[in-house]
Amino acid sequence: MRYIRFLKTPKIQDNSVKTTITVTSDLGETFLNAEIDLIATLQCVDDPYQTHLRQTLRWRPGLRALPVTFPIVGKIIKWPCSVHVSLVQPSDYDAFENREDASSLPSVVSVWSDGLDPPNRIATTPRIAERRFKLLNGRVLRMWEETGESIARHLWFVFASSRLSVLTLITNRDGGIALTAYVDRMITSQIDQRLLHEESVGSPPAKRLNIIELGCGCGMVGISLAQSLSDCQVLLTDMPEAEEIACQNLAIMDPLSSSRAAFVTLDWEEPLPKVVAEQEFDLVVVSECTYNTDTIPALVQTLSALARRSPNAIVLLSTKVRHSSESIFFDLMQKTNLLKVGHTELPLPKDASSDDDPEVIHVYIFQGKEAVNSILSRRDGKPRIDFLPPQ
């Protein structure tokens, strides 16, 4: 899966709207090495169906950046306007499909800029970009993320040093998008119930569903749950650096009836904040949080603390394995009271020119030992057990 990104966010210069894009992996460590056609449009913010200017682009193997210029002299333009770059069939969103293979996800994720508005002296857009995904229930999930010159510096460092440098900007990543699409499909189609017990998101809850997301970043998974489930309460948590972007996305979310979401700062190295420690959660969501092995012990510690307070909670974790050292997470989890009760693999779309096997996102289900035993006893009358066989 590839992402169109703004290396330089749009600005008005020399009587033109100018920007520079790239097409990379989620962490920016590789560039798309294939030829694809793209389309860039300058469209009215207040009426996205009103496109003022359109330009066809071609991304070729070996490219690192691609400039885009819209001359605006003599053009009748209704400001404010944003720049949208996508594959050659432009849409107001990238749609999730109700399929179990990689075609359920967009192969190249589109991007939208913030608005330009020269009559109001806004000639440069901030270093943020928007992603839009259509959920299976018809609601559009809008996600802002960081972008711009910081991305450019990161990509230059990766290319120059020929090694992986973790992208520290608050951006949407493969594991979050794949997990969002997967849970969306589960909720809408009621499939793959083997991965989740009857008390989980796969079945309509008898009471308000209380959800917490750890390391939420932009907040994509948690916000999508609020837009897919009615009568649920979602608490997004992360370090203070993520608060601005997460709250910006909370402000534009479109929740279902009686559902709501909020953000709270949570440092895994510290005790649970009062607002978290006093709640009992039904679902704990973790996406793309195991690639930094330095933080894994603190993550496991936080999961254990949540499980003690919420012994029936289900932990839903997605990860794209980037290096073998991430296995320490599972080693540490074996020392907790949480059991692995499910695992599935979600294939990602691959480049058309690639002969490699598609990358996969691993989704794991954990639950407390006592809750698992109780469920098994209710299902088949078997005695309580202390462990489950390896999945």
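For the criterion of being under 19 Å from the mean Cα position of the chain (by Cα), at pLDDT below 95 and under 26 Å from Tyr3 (Cβ atoms), Glu345 passes. Search the stretch 78-100 for residues being among the β-branched types (Val, Ile, Thr) and crowded, with 17+ Cβ neighbours inside 10 Å, and hand back the single one that is nearest to Leu53 (Cα to Cα). So, considering only residues that are among the β-branched types (Val, Ile, Thr) and crowded, with 17+ Cβ neighbours inside 10 Å, the one nearest to Leu53 (Cα to Cα) is Val83. For the residues Arg132, Arg54, the requirement of being over 26 Å from Val360 (Cα atoms) and among the basic types (Lys, Arg) singles out Arg54.
This table checks each residue for (1) touching a residue at least 60 places away in the same chain (Cβ under 8 Å); (2) under 18 Å from Leu209 (Cα atoms).
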{"site": "Pro255", "(1), (2)": "no, yes"}
{"site": "Pro271", "(1), (2)": "no, no"}
{"site": "Val284", "(1), (2)": "yes, yes"}
{"site": "Cys289", "(1), (2)": "yes, no"}
{"site": "Ile296", "(1), (2)": "no, no"}
{"site": "Ala305", "(1), (2)": "no, no"}
{"site": "Leu316", "(1), (2)": "yes, yes"}
{"site": "Ser325", "(1), (2)": "no, no"}
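Checked against the criterion of being crowded, with 20+ Cβ neighbours inside 10 Å and at pLDDT below 60, the stretch 163-183 has at least one qualifying residue. Per the conditions (1) modelled with pLDDT under 95; (2) surrounded by 13 or more Cβ atoms within 10 Å (Cβ to Cβ); (3) within 23 Å of the chain's Cα centre (by Cα), the sole criterion not satisfied by Ser103 is (2).
Is it true that Thr56 is modelled with pLDDT under 95, of a type in the set (Val, Ile, Thr) and surrounded by fewer than 21 Cβ atoms within 10 Å (Cβ to Cβ)? It is false that Thr56 is modelled with pLDDT under 95, of a type in the set (Val, Ile, Thr) and surrounded by fewer than 21 Cβ atoms within 10 Å (Cβ to Cβ). Taking the criterion of being touching a strand residue (DSSP E or B) at 6+ places or on another chain (Cβ under 7 Å) and in a loop (DSSP other than H, G, I, E, B), the residues of the stretch 36-62 that qualify are Val45, Gln50. From the list Ile211, Ile187, the one residue that fits, being part of a strand (DSSP E or B), modelled with pLDDT of 85 or more, touching a Gly at 6+ places or on another chain (Cβ under 9 Å) and β-branched (Val, Ile, Thr), is Ile211. Taken together, Arg58, Arg54, Arg64 contain a single residue that is closer than 18 Å to Ser107 by Cβ, touching a residue at least 12 places away in the same chain (Cβ under 8 Å) and not hydrophobic (A, V, I, L, M, F, W, C), which is Arg58. Out of Leu42, Leu27, one residue alone is of a type in the set (A, V, I, L, M, F, W, C), modelled with pLDDT under 95 and surrounded by 21 or more Cβ atoms within 10 Å (Cβ to Cβ). It is Leu27.
Taken over the stretch 250-270, residues that are among the charged types (D, E, K, R) and closer than 9 Å to Asp238 by Cα amount to 1. Within the stretch 1-22, residues that are closer than 15 Å to Arg131 by Cβ and among the β-branched types (Val, Ile, Thr) reach partners that are at pLDDT below 95 and not in a strand (DSSP E or B) with beta carbons closer than 6 Å, at six or more positions or on different chains, in the pairs Thr9/Arg127; Thr9/Gly148.
Is there a residue being modelled with pLDDT of 95 or more, surrounded by fewer than 23 Cβ atoms within 10 Å (Cβ to Cβ) and among the hydroxyl-bearing types (Ser, Thr, Tyr) anywhere in the stretch 218-225? Looking through the stretch 218-225, none of the residues is modelled with pLDDT of 95 or more, surrounded by fewer than 23 Cβ atoms within 10 Å (Cβ to Cβ) and among the hydroxyl-bearing types (Ser, Thr, Tyr). In summary, no helices (runs of 4 or more DSSP H) completely within the stretch 238-343 bear 2 or more residues that are of a type in the set (Val, Ile, Thr), surrounded by fewer than 15 Cβ atoms within 10 Å (Cβ to Cβ) and not assigned by TED's automatic domain parsing to the domain that holds Asp26.
The values are calculated or read from the model by the stated rules, or taken from the named source; none is laboratory data. Values in this document were obtained by computation on a predicted structure and should not be read as measured data. Ideal geometry is used to build each Cβ from the backbone, glycine not excepted, and the neighbour counts take in all protein chains shown.
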